Amino acid sequence: MPRRPLPGPLRTAVAAGFAVALSAVLLPAPAQAFTGGNHEEITRAALPWQPGTLTAMADARDGAVNANDHGGYFQLGPLHCDNADYLAPRYAPDYPRSRDEATTELLACIRTSVARFRNAVRAADGLVDAEGRVRADQSDLSSPCTWQEPPGRAKCTVLNQLGRGWHQIEDFYAHSNWTDRAAPGPVGIANPPGLARTEVAPFFDIRRYSGMADAEWTREARALIPADLTTGCYSDFDSTGVKSEDCSGRITHNRDLNKDTAASQRSKTGDNFRRAVAGATAEIIRQWNEFKAELLRAYPDRGRGEQMVCAIVHDDPASQCRPGQQPPQL
């Protein structure tokens, strides 16, 4: 099938670059894809943040968790866990992608989240001064964040990095067969096997990976990826900077696998849509708890890590977060 290369600078950047019970998770409205409205519902359900900050992170149009769906980011497969498609020979003897190729694409998706986690931890240092006091100028949200890549206010930068790192993790649960089940009948390209997992994916151990050499965590994550795991082929740029003009002969995102809405074909089997939403919600709960733990570990002096966490979750942290004081309960 024809493949078109990504322009040079973007190609270089890309190449480098349920513990929660299923029944306890609220379903998002099916009118939106697993972008925008559904990302907002999932993120709001997972994060115990004050309303203004939560809106800055989760809003369907302007939230940080949806930033990867705007501009050129939408066309970069690793930012959505796309193109990690594979079907074992017992189902399709001549499937055009190998298990190793599929795994490489999934690792590229994980790698983007690891990089964003590291960036967010570094950016959090700007929220609090050396004495453990929240910096009002760096934590103020009275004017909107713009989710620019050049550093801005520290809080905007932290939210930007977290949101961009969490987007593809949420997408994984909608774009893969991790939580779902196949439809009745023969398993094949149009009906991939379902793994029906209810636990969060072990290879999204982002905090742990952030403290490891990339080659080391990549080896570990590779060993944790099940042989029958697949996401869908989408006509965007893969981790090598190459774009498939079509997905002929492959498991496709649009037709075969995505659970972006309750109306998606794969969502119509059993409770596949609910399971995807539950998995994504449980995953963001884990990712936020792990990020908090990392701030406490990385910035122990004068309670700076605790103040950073307080500054992230509160709308007016300069007055709500003071050293030695208990912040208001959320």
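Brief remarks follow.
- Cα shape, segment 228-308, gyration tensor, a/c 1.5 rule: oblate
- Loop GluC sites (Glu not before Pro), segment 229-330, which have at most 11 other Cβ atoms in a 10 Å radius of their Cβ (DSSP): Glu245
- Descending semi-axes in Å of segment 205-274, equivalent ellipsoid built from Cα gyration tensor: 28, 19, 11
- Only helical runs count toward this figure. For the chain, summing -39,500 (n - 2.57) over DSSP H runs of n ≥ 4 and dividing by all residues gives -13000 deg cm²/dmol at 222 nm.
- Ratio Rg/Rh [Cα only; Rh per Kirkwood] for the chain: 0.98
- Set of lysines near Lys243 by C-alpha distance (under 26 Å), chain-local residues within fewer than 8 positions excluded: Lys259
Only the coordinates and a few stated rules stand behind these numbers; no lab work does. None of these values were measured; they are calculated from a predicted model. All Cβ positions, glycine included, derive from the backbone under ideal geometry; neighbour counts span all protein chains shown.
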